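Quick note: the coordinates plus some simple rules give every number you see, no bench work behind them. All values derive from a computational prediction rather than experimental measurement. Neighbour counts run over all protein chains shown; Cβ positions are idealised from the backbone, glycine included.
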Amino acid sequence: MQRLQYEFFVRDVLEVAPDLLGKYLVRRFPDGYINKYKITEVEAYRGQQDLACHASKGRTARTEIMYHNGGQIYVYLIYGMYWMLNFVTSKENIPQAVLIRGIETYDGPGKLTKALKIDKSFYGEDLMASNRLWVEYGKESSQVNILTTPRIGIDYSGEIYKNKLWRFILDE
DNA sequence: GTAAGGATTGGC
DNA sequence: CCAATCCTTACT
């Protein structure tokens with residue numbers, strides 16, 4: 001199937017995040033083996049105002065990639081042991097990203113990066129140019145049922161943002 | 001330089 | 001319930 005292009009990612013994260021559900025994350029491993037995984041759970045992180053978004057701290061070495069045009073990969077380490085996989089969205093200078101929290105077979109942001117062998121070396125990689133990680137359309141209709149809930153693990157982000165229904169789950 | 005804490009997970 | 005484990009950020 002066809003790889004998602006820049007136009008898909010260069011939109012507001014609240015449009016891109018739910019739209020990623022049902023699409024396929026494609027990984028080409030170092031030995032050349034290719035596997036595809038249906039995306040089942042994501043979260044949206046939206047700009048400097050969103051206190052749960054890393055970019056609320058401003059433009060730093062870590063958040064730099066989020067200020068780029070959509071379609072780049074943002075990876076960071078959490079709790080000293082788990083890599084989190086994100087896709088940058090929106091236009092240049094608008095820091096947004098979608099956290100991939102679950103894919104078919106591997107439920108959990110830390111589990112899926114471990115299974116797919118994703119680490120810091122993917123930071124800043126382009127989803128349209130990469131030969132080892134990208135996203136494709138599925139063959140079935142894009143009609144999917146979606147559940148929304150508050151985001152996980154961001155209780156520190158204040159009343160307004162911790163209650164936003166910016167976690168999107170594929171309802172099977 | 002130093003300290004605090006995190007978009008998580010698994011084990012007790 | 002709590003430790004693991006290390007990078008990023010802020011600065012008593």
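Observations, loosely collected:
- Screening A:Ala55 against (1) touching a strand residue (DSSP E or B) at 6+ places or on another chain (Cβ under 6 Å); (2) within 9 Å of DNA strand B (Cβ to nearest atom); (3) outside any strand (DSSP E or B) leaves a single unmet condition, (1).
Listed here are the residues, each with its yes/no results for (1) without any contact (Cβ under 8 Å) to a residue 24 or more places away in the chain; (2) buried (at least 19 other Cβ atoms within 10 Å of the Cβ).
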position	(1), (2)
A:Phe29	no, no
A:Ile39	no, yes
A:Val42	no, yes
A:Gln48	no, no
A:Thr60	yes, no
A:Thr63	no, yes
A:Asn69	no, no
A:Ile73	no, yes
A:Tyr82	no, no
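Here is a yes/no grid of residues against (1) touching a helix residue (DSSP H, G or I) at 6+ places or on another chain (Cβ under 7 Å); (2) more than 13 Å from DNA strand B (Cβ to nearest atom):
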{"site": "A:Arg3", "(1), (2)": "no, yes"}
{"site": "A:Tyr24", "(1), (2)": "no, yes"}
{"site": "A:Arg28", "(1), (2)": "no, yes"}
{"site": "A:Ala44", "(1), (2)": "yes, no"}
{"site": "A:Gly80", "(1), (2)": "no, no"}
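- Residue match in segment A:43-66 (condition: within 16 Å of DNA strand C (Cβ to nearest atom) and over 24 Å from A:Ser157 (Cα atoms)): no
- For A:Tyr24: the one exception among (1) in contact with a strand residue (DSSP E or B) (Cβ under 6 Å, 6 or more places away or on another chain); (2) free of Cβ contacts under 8 Å to residues at least 60 places away in the same chain: (2)
- Within segment A:69-85, being assigned to a loop (DSSP other than H, G, I, E, B) and either within 11 Å of DNA strand C (Cβ to nearest atom) or under 12 Å from the mean Cα position of the chain (by Cα) (or both) holds for A:Gly70, A:Gly71, A:Tyr79, A:Gly80, A:Met81.
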